[in-house]
């Protein structure tokens, strides 16, 4: 059986995680704001006692799950962002060195690159040289 997660627990954890994205610098400010926007959308659509499963089930029953503004769609984007953060941390630990460019690049490719157009992918990869070093990130 799949473990149940209260939507509010996910929202709170994501808000903490978004702080780290802010430490990546100005080029990733848009990503941080977009992530927080989806987290806030998810929070608005959820009831206080909703699990992720009950939230999705309710939206499916009401034919809202595929709507642009739905919590279900926001949840997909939040999931992709948390995958990116997870892969980034994993890559930073296994790669070593002072540069985090490789870790961020790899973490972007897994959950997002397939869903972004050429212009967005190009902008993301062009911003990678502006990332702080591992040493600067650890001080932040």
Paramagnetic reach from residue 53 in region 1-37 [backbone N under 14 Å; point 7 Å along Cα→Cβ]: 1-7
Between helix 71-95 and the chain: long-axis angle, C-alpha atoms, 0 to 90°, nearest 10: 30 degrees
Helix axis angle, 52-61 relative to the chain longest principal axis, alpha carbon, degrees: 50 degrees
Gain on full stretching of the segment that runs from residue 79 to residue 64 - 0.36 nm per residue minus C-alpha separation: 3.5 nm
Potential lengthening between residue 9 and residue 121 on full extension [0.36 nm per residue; Cα-Cα distance subtracted]: 37.2 nm
Candidates 109, 61, 53: whichever shows maximal mean-square fluctuation once the chain is modelled as a Gaussian network with Cα springs under 10 Å: 61
Alpha-carbon Rg/Rh ratio, for region 7-139, with Rh computed the Kirkwood way: 1.01
Inter-part distance where region 1-78 and region 82-140 are each reduced to a Cα centre, Å: 21 Å
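FYI, it's all coordinate maths here, none of it is from the lab. Quantities reported herein were computed from a predicted structural model and do not represent experimental measurements. Reconstructed Cβ throughout: ideal geometry from the backbone, glycine too, with neighbour counts over all protein chains shown.
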